[in-house]
Structures are given as C-alpha cells and as structure tokens.
Amino acid sequence: MTPDEEARHRAKMIKRKEVQDREVASKTVEKGLLIVHTGPGKGKSTAAFGLMLRALGRGFQVGVVQFIKGAWETGERMALDRFADQVEWHTMGEGFTWETQDRSRDVAAAERAWAKVKELMAREDIRLLVLDELNIALRYEYLPLSEVVETLRRRRPDLHIVVTGRNAKPELIEAADLVTEMTLVKHHFSAGVKAQEGVEF
C-alpha cells in the first residue's frame with residue numbers, strides 16, 4: 001500500500017472503531033440468556049458443548065440433560081469427564097424414537113429428564129444448562145409445551161440455558177434471547193460416508 005492508502009485505511013478504521021465502541025457501550029443489560037440451536041444442519045449440540053467449554057474456562061458450574069440420546073459413549077462426554085468437579089451430566093433418553101419404538105417409554109423418559117432440569121434450575125451454583133435435544137421431545141409432544149416454555153422463561157436472572165434439536169417450536173423461539181438455525185448445505189452421510197469418531201460422536 002502507498003502511504004496515502006495506508007493513511008486512508010487508518011482514518012477509516014478509526015471511524016469504524018468509534019462506531020463500534022459506541023455500539024458496545026450502549027448495551028447495558030446483563031442477564032442469563034435462553035439460547036436455541038435448531039435447524040436441519042449438523043452442529044447444534046456441538047455448538048452447545050463448545051459454549052460449555054467456554055463457560056468451564058470461566059469457572060462456571062454447568063449441567064447437561066440429554067433428552068433423547070441414549071447412554072452411548074461420545075467424545076464430548078469423555079472429554080468433559082475431566083471437568084467432573086464443574087460438570088453435572090445426565091443422559092436421560094433411551095435413544096432415538098425409531099430405536100425405542102415405544103411412545104410411552106419415550107414420554108416417561110422425557111418426563112424424568114424434565115424433572116431433572118427443574119432440579120438443576122433450582123440450584124444456585126449452576127450457571128449454564130444444556131438441554132440437549134429438548135426440541136425433539138417438544139416436537140413429539142412428550143412434554144407440555146406451555147409449561148416448558150414458561151419454566152424456561154422464568155429461569156433465575158443469572159442462569160444461561162441452551163436448548164438444542166431440530167424443529168424448535170415457535171413459542172420457544174419467541175421466548176428465546178438468541179436463536180441460531182443450522183442450515184444443511186452438504187453432508188457426507190448423503191454420499192455414503194458413515195458417522196465419524198471424533199466428528200459426530
């Protein structure tokens with residue numbers, strides 16, 4: 001770059017920084033967030049566990065309640081076992097619905113998981129909760145939507161909650177502070193490539 005180009009770039013970035021600083025300074029509310037990761041693309045739970053890692057780095061106590069996934073070994077569970085003093089993990093599901101093929105069992109498992117969520121929400125030491133695949137339980141009406149949304153909405157002021165799973169209900173989306181939709185662009189499974197250790201589990 002020429003000296004003139006460098007000077008113009010610097011002047012532009014100074015103005016940009018002033019705008020950015022004003023924007024950041026205008027945000028004064030601090031609160032626990034209700035976060036929803038949904039959509040047909042991969043990465044919803046992965047993003048939630050990445051957020052957990054960030055929270056652990058900050059010294060938070062965190063909890064995980066898995067609504068659908070059964071007790072199969074995953075890389076994230078094994079990694080987070082190393083943070084046993086900070087993580088409380090509850091795998092409450094019995095597997096995906098096409099595996100159990102028993103709606104009454106699925107409903108009962110979801111109800112047990114929801115009871116555990118309410119127990120963890122009441123604990124003041126928990127700062128972040130991941131409700132993995134709760135959206136699936138709501139989609140199949142294993143739990144009363146209005147009760148779930150109202151309970152999450154009335155969480156204590158400093159508690160962050162992340163809900164994952166496809167097909168998030170509009171009522172949950174409306175109640176949330178942050179919603180991210182994962183869009184499927186391309187997936188190796190369609191080309192006959194099986195789920196990969198260290199990537200999907």
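The values are calculated or read from the model by the stated rules, or taken from the named source; none is laboratory data. Values in this document were obtained by computation on a predicted structure and should not be read as measured data. Virtual Cβ from ideal backbone geometry, glycine too; neighbours counted across all protein chains shown. Side chains are part of the model used for accessible areas, which takes the heavy atoms of the whole protein and leaves out ligands, DNA and RNA. Shrake-Rupley method; radii C 1.70, N 1.55, O 1.52, S 1.80 Å.
A few notes on this one:
- Each of Met13, Met182 has its accessible area taken with a 1.4 Å probe; listed largest first, they run Met13, Met182.
- Full extension of the chain segment joining Leu178 with Arg16 gains 55.8 nm, where the gain is 0.36 nm per residue of separation less the Cα-Cα distance.
- Pairs beyond 25 Å (Cα-Cα), from Lys15/Lys44; Lys42/Lys118; Lys44/Lys116; Lys17/Lys42; Lys69/Lys186: Lys15/Lys44; Lys42/Lys118; Lys17/Lys42
- Near Ala168, once Lys and Arg are set to +1 and Asp and Glu to -1 for all other residues with Cβ below 12 Å from its Cβ, the sum equals 0.
- Solvent-accessible surface (1.4 angstrom probe) belonging to Asp125, in square angstrom, nearest 10: 70 Å²
- For the stretch 168-199 versus the stretch 1-61, the inter-centroid distance based on Cα atoms is 21 Å.
- Listed residues Met52, Ser104, Met13: farthest to the positive end of the dipole of the chain (Cβ charges): Met13
- Shape category assigned to the stretch 1-92 from the gyration tensor of Cα positions, a/c cut at 1.5: prolate
- Only the Cβ atoms of Lys and Arg (+1) and of Asp and Glu (-1) were treated as charged; on that basis the dipole of the chain about its Cα centre amounts to roughly 560 debye.
- Figure note: Lys42, Lys116 ranked by solvent-accessible area, largest first, 1.4 Å probe, ligands and nucleic acids not counted: Lys42, Lys116.
- Structure remark: mean-square fluctuation, Gaussian network model of the chain, C-alpha springs under 10 Å; the largest value among Glu18, Glu181, Glu141 belongs to Glu18.
- Summarising the label geometry, the points placed 7 Å from Cα in the beta-carbon direction at His9 and Arg123 lie 5.1 nm from one another.
- Contact order for the chain, expressed relative to its length and based on alpha carbon pairs under 8 Å spaced 6+ residues apart, stands at 33 percent.
- Working note: Cα atoms of the chain, range along each principal axis, descending, whole Å: 71, 45, 36.
- Remark: the stretch 1-54 carries a charge dipole of roughly 220 debye about the Cα centre, counting +1 on each Lys and Arg Cβ and -1 on each Asp and Glu Cβ.
- Relative contact order (%) - the stretch 119-191, alpha-carbon pairs under 8 angstrom, separation at least six: 38 percent
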